[in-house]
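The values are calculated or read from the model by the stated rules, or taken from the named source; none is laboratory data. Please read these numbers as outputs of a predicted model, since none were measured by experiment. We place every Cβ from the backbone using ideal geometry, glycine too, and count neighbours over all the protein chains shown. These accessible areas exclude ligands, DNA and RNA; they are computed on the full protein's heavy atoms, side chains included. Shrake-Rupley method; radii C 1.70, N 1.55, O 1.52, S 1.80 Å.
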Amino acid sequence: MYGANWWPIHYLHFIKKKTVMDPILKLVNLSIGQESVIVDSIHAQAFKNDLIVLTGENGSGKSTLLKTIAGIIKSISGEVFISGDSISLLPQKKLAQKLAFASTQRIREDYIKIEDVVRFGQFPYAQLDDTEESSREIEQAIALMGIDKIRHKYLNQVSDGEWQKANIARVLAQKTDLILMDEPTAFLDYPSRMRLYRDLKEICLTQNKTIIVSTHDIDSVKGYASFYWHIDQGKLNILQDSPTWVI
Amino acid sequence: MQVYRLSIAFFGLITLLTISAFAIPEWISPFQPDGIKVDLLWNYRLPKTITALFAGASLSVSGFILQQLYKNNLAGPYILGVSSGASLAVGMLIIGSHYFPFLNHGFGISLAGFIGATAILLLVMLVSSRFGSGAIILLFGVIIGQITSALQGLLNYMAVPGDLKNFTLWSMGSFSQVIEFDLLFFGVSSLLGIIWAWLIMPQLSAMLLGDEVAHSLGVNTKSISLQLLICTGILSGIATAYCGPIAFIGMAIPNVSRMLFKTVNFRFMLLVNGVLGAAMALISDIISSSEIFGFNIPVNVCTALIGGPFIIYILLKRKQ
């Protein structure tokens, strides 16, 4: 009457056993690139509480790798799994609740407040209407990054360091397990870079996040990174220690 | 505070509506006994006022969408060549209707305007996706304007005198040519365009953080851009088809609204743009039909005289 698959066991395939050691991010035989392949046969995993630093020369494919993981660029071959789900099968909105992405772009519009930037973090949950829960998340993110004093400043009045804090608060408000940041320290001075990496490490450990940061700045990230993913000559190498440049 | 400001703007708009419909160039009371003046009021002035209202709102909303989409405060339907595209299509229709009389129909003209506008918008989208959206799309718009005016010259050469005069008058901009069914069609399509834009405004506001970040926030940026372009095509194309290519409203008003209301709530901004755009169109209409020099000044002259200096101000301010 209901066909052969009436027994409930046939519908239970969505139940997965999740253990602490399941990777948040898993890259399987991934090839990336916009038109031609830049990096191929990438195999990598990232776990909870990892701060992964992505290094490599200019044009080596750091941004492309981050954007491929974020689903902004399609991979040439291979798969990206986030908490066990392939990103090519996830709807965009679901993906936005699992993964947050911050680009290098600095925005200076004179009508956007710091607070508005953070509020966009709740966009995948409640678009423009603030629900009670979304305003709570936003307040939490603002408090965590310590930007309560500058929340009403417009973006043309804030420093690059303050902008990056707002940016991080935004990705925190997005409530995702995985955070990708493309060169967050590009415009910052040395003390601000140190502070930023310290903050990121703290977020990783206390908020149970996985963060992947691309950077050229190996000096200030030292001591905070769990692993280095170093792209060299079209291959991704996973290093325990900071990569040394061969000149 | 912002709602307070918007309501002031709204009352200003109502005042302008009243002046435009009843008081300029001379007062006509709607309550006096029937006569030629009341006839004038219902069949000429009120349609003109309502047309100005919709045209102003449509143009400034489409200007707002284009400026946000291309993140360029100088963009607008006129400067990107969208109005020129609509113009050329309408010109072809008006002048071609001498040879194919069935073309000369209000609906045909608005369809031509929409097609012309959307074609140029798709070209602009193509250019901006390859070369970015800075000065290049503005230059592109200027060049499109030159090309369409050259083609227009060719059309004018082929035209018969009556059609030529019709087309020339149309290109000076006027709110008084739209009546009865055309007015209804114009109003409904403008409203539909604005409602469609209203529905996707949150997604457009997320694109403030850049297209890539918007994508990671769950916005399908390609689909949203395309939908917005079609909206803009409907709004600016049909407004241009009915009222002629009207300059400056689409560029100046979004900047004014952004200065007055600093908010990322784009649905609110859409309302503000609609109200202020309609107000500017009504002011232009009031100046145009107040017979300062003893005759009606074309609407385009008024919008240019109000909007031009303002754009120069924006440019100088941007330079700092």
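A:M21 falls short on exactly one of the conditions (1) assigned to a loop (DSSP other than H, G, I, E, B); (2) over 27 Å from A:P243 (Cα atoms); (3) at pLDDT below 85, and that condition is (2). Screening region B:248-269 for residues that are within 14 Å of the chain's Cα centre (by Cα) and under 24 Å from A:Y154 (Cα atoms) and picking the one that is nearest to the other protein chains (Cβ to nearest Cβ) gives B:P254.
Tell me the residue from B:G173, B:G218, B:G237, B:G244 that is at pLDDT 90 or above and out of contact with any strand residue (DSSP E or B) (no Cβ under 8 Å at 6 or more places or on another chain), please.
Details: B:G173 fails: at pLDDT 90 or above; B:G237 fails: at pLDDT 90 or above; B:G244 fails: at pLDDT 90 or above.
B:G218 is the lone residue from the list that is at pLDDT 90 or above and out of contact with any strand residue (DSSP E or B) (no Cβ under 8 Å at 6 or more places or on another chain).
Only one of A:K149, A:K201, A:K165, A:K153 is in contact with a Phe, Trp or Tyr (Cβ under 7 Å, 6 or more places away or on another chain) and modelled with pLDDT of 85 or more. Can you tell me which? Talk me through it step by step, then tell me what you get.
Values: A:K149 fails: in contact with a Phe, Trp or Tyr (Cβ under 7 Å, 6 or more places away or on another chain); A:K165 fails: in contact with a Phe, Trp or Tyr (Cβ under 7 Å, 6 or more places away or on another chain); A:K153 fails: in contact with a Phe, Trp or Tyr (Cβ under 7 Å, 6 or more places away or on another chain).
Checking each option against the conditions leaves just A:K201.
Would you say B:P202 is free of Cβ contacts under 8 Å to residues at least 12 places away in the same chain and either over 23 Å from B:V301 (Cα atoms) or touching a Cys at 6+ places or on another chain (Cβ under 8 Å) (or both)? Judged against the criteria, B:P202 is not a match.
From the list A:S103, A:S134, A:S31, which residue is more than 10 Å from chain B (Cβ to nearest Cβ) and modelled with pLDDT under 90? Outline the logic, then answer.
Values: A:S103 fails: more than 10 Å from chain B (Cβ to nearest Cβ); A:S31 fails: modelled with pLDDT under 90.
Every option except A:S134 fails the conditions.
Criterion first (over 22 Å from B:Y78 (Cβ atoms), away from chain A (no Cβ under 14 Å), part of a helix (DSSP H, G or I) and open to solvent by less than 40 Å² (accessible area, probe 1.4 Å)) does B:L183 satisfy it? Taking the combined requirement at face value, the residue satisfies it. Looking across region B:221-246, the residues that are open to solvent by 10 Å² or more (accessible area, probe 1.4 Å), among the polar types (S, T, N, Q) and away from chain A (no Cβ under 14 Å) come down to B:S225, B:Q227.
Of the numbered conditions (1) farther than 25 Å from A:L239 by Cα; (2) away from chain B (no Cβ under 14 Å); (3) open to solvent by 30 Å² or more (accessible area, probe 1.4 Å); (4) under 16 Å from the mean Cα position of the chain (by Cα), A:A141 fails exactly one; give the number of that condition. Exception for A:A141: condition (3).
The single condition among (1) open to solvent by 10 Å² or more (accessible area, probe 1.4 Å); (2) modelled with pLDDT of 90 or more; (3) part of a loop (DSSP other than H, G, I, E, B) that A:N208 does not meet is (2). Exactly one residue out of B:A150, B:A159, B:A197 is over 29 Å from B:I287 (Cβ atoms), open to solvent by less than 40 Å² (accessible area, probe 1.4 Å) and more than 14 Å from chain A (Cβ to nearest Cβ): that is B:A159. Looking only at region A:208-247, residues that are among the polar types (S, T, N, Q) and without any contact (Cβ under 8 Å) to a residue 12 or more places away in the chain come to 3 in all.
Contact annotation: residue pairs with Cβ atoms under 8 Å, 6 or more positions apart or on different chains, pairing a residue in region B:46-74 that is within 24 Å of B:T221 (Cβ to Cβ) with a partner that is of a type in the set (K, R) and open to solvent by 10 Å² or more (accessible area, probe 1.4 Å), are B:N73/B:R258; B:N73/B:R318.
Buried (at least 20 other Cβ atoms within 10 Å of the Cβ), at positive phi, within 14 Å of another protein chain (Cβ to nearest Cβ) and not polar (S, T, N, Q), is that true of B:G218? Criteria met by B:G218. State whether one or more residues within region B:288-303 are within 14 Å of chain A (Cβ to nearest Cβ), in contact with a Phe, Trp or Tyr (Cβ under 9 Å, 6 or more places away or on another chain) and closer than 23 Å to B:F114 by Cα. No, the conditions are met nowhere in region B:288-303. Residues in region B:206-215 that are facing chain A (nearest Cβ under 7 Å) and touching a Leu at 6+ places or on another chain (Cβ under 9 Å) were compared, and the one that is nearest to A:I114 (Cα to Cα) is B:L209.
Residue-wise test of (1) surrounded by fewer than 17 Cβ atoms within 10 Å (Cβ to Cβ); (2) away from chain B (no Cβ under 11 Å).
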site: A:V37; (1), (2): yes, yes
site: A:L66; (1), (2): no, no
site: A:I82; (1), (2): no, yes
site: A:L99; (1), (2): no, no
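Restricting attention to region B:247-267, does a residue exist that is farther than 23 Å from B:L315 by Cα, out of contact with any Asp or Glu (no Cβ under 8 Å at 6 or more places or on another chain) and either open to solvent by less than 20 Å² (accessible area, probe 1.4 Å) or assigned to a helix (DSSP H, G or I) (or both)? Yes - at least one qualifying residue is present in region B:247-267.
Checking region B:202-210 against the condition returns a match, with at least one residue being among the small types (G, A, S) and out of contact with any Phe, Trp or Tyr (no Cβ under 6 Å at 6 or more places or on another chain). Considering each of A:I142, A:I107 in turn, give the residue that is of a type in the set (V, I, T) and outside any loop (DSSP other than H, G, I, E, B). Criteria check complete, one pass: A:I142. (1) at the interface with chain B (Cβ under 7 Å from one of its Cβ atoms); (2) buried (at least 17 other Cβ atoms within 10 Å of the Cβ): which one isn't true of A:K93, the others all being true? All conditions are met except number (2). For region A:107-122, a tally of residues being closer than 20 Å to A:A141 by Cα and either more than 9 Å from chain B (Cβ to nearest Cβ) or in contact (Cβ under 8 Å) with a residue 40 or more places away in the chain (or both) returns 11.
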